[in-house]
Amino acid sequence: MSDHDPSRIRGSGRNRAVFDSVDLVGSYNPDGGLTPAEDRLIGAWVPPEPDVLDLGVGTGRTTPALRSIAGTYVGLDFAPAMIAAARRAHPGADLRVGDAAELSGFEDASVDFVLFSYNGIDYIHPAQRRAAALAEIRRVLRPGGVVVLSSHNPRAIFVRVEPTRGEPAWRAVAKSAVATSRAATALLRSRAFWRGAGTAIDRFHPLMTAYATPARLRDELTAAGFEVREMIGGGHPRPLRTFTSPWTYVAATRSR
């Protein structure tokens, strides 16, 4: 399959421009590996030697880990600069420019596992395209196939900053207080906090971002034809909490 022409990737606008920027591409670690939450859910729910579709692959953070367990592997991202960096970091990997809402290069029921990491689903706008992406993920998954994704939680107003090596505990507490103040100020002003779902500009990057509470995310996935198997917090192994977990990680299977 050839890469999508980037000009055909609809609705990308602001977010694709940001993800294509040199500064953001340079901030991504192509060798970062899986997050603890991703590792937990993949280990629990993904079958051996799956055919893998790695959506929102960025510069290839997840590529080595997933290729090591995959029967076949394809990484996809809508930002050409991200894919160019991923190809430099991981020569030989099948890495393509493409749109999660238009997986026309993939046949029905052709993959066992889809990972959509780093809250990538939250940067697809408008809402109709987000729904289209979920429909496409369901279409390409085999019956019983697994999707693991993460999403921003609009009610995570209490932020915990972990101390770095050698840093006194009081400094991490102080950083947590500052971060909590900033998060609360931003989130309490947003409609998403009060409604449980909505969009806002990310407070760390100038990205239009969708937010959904764990309950709303579960409802969205169920309506899209998935069965939610497990939900955990982005700070795994800490438990998922509505007001302290900034990201929700979920494993779901395609309903038959």
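Some values worked out for this structure:
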| item | result |
| --- | --- |
| Test: residue in the stretch 207-227 that is under 21 Å from the mean Cα position of the chain (by Cα), surrounded by fewer than 17 Cβ atoms within 10 Å (Cβ to Cβ) and either part of a strand (DSSP E or B) or at pLDDT below 80 (or both) | yes |
| Top-ranked residue in the stretch 129-169 [being among the β-branched types (Val, Ile, Thr) and modelled with pLDDT of 95 or more; ranked as surrounded by the fewest Cβ atoms within 10 Å (Cβ to Cβ)] | Val140 |
| Listing of strands (runs of 3 or more DSSP E) fully contained in the stretch 62-137 that carry 2 or more residues being more than 26 Å from His152 (Cβ to Cβ) | 72-77 |
| One residue from Val250, Val178, Val173 being within 17 Å of the chain's Cα centre (by Cα) and either assigned to a helix (DSSP H, G or I) or modelled with pLDDT of 80 or more (or both) | Val250 |
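The values are calculated or read from the model by the stated rules, or taken from the named source; none is laboratory data. Keep in mind that what you see is a predicted model, and the values were worked out from it rather than measured. Cβ sites come from the backbone with ideal geometry, for glycine too, and all protein chains shown count toward neighbours.
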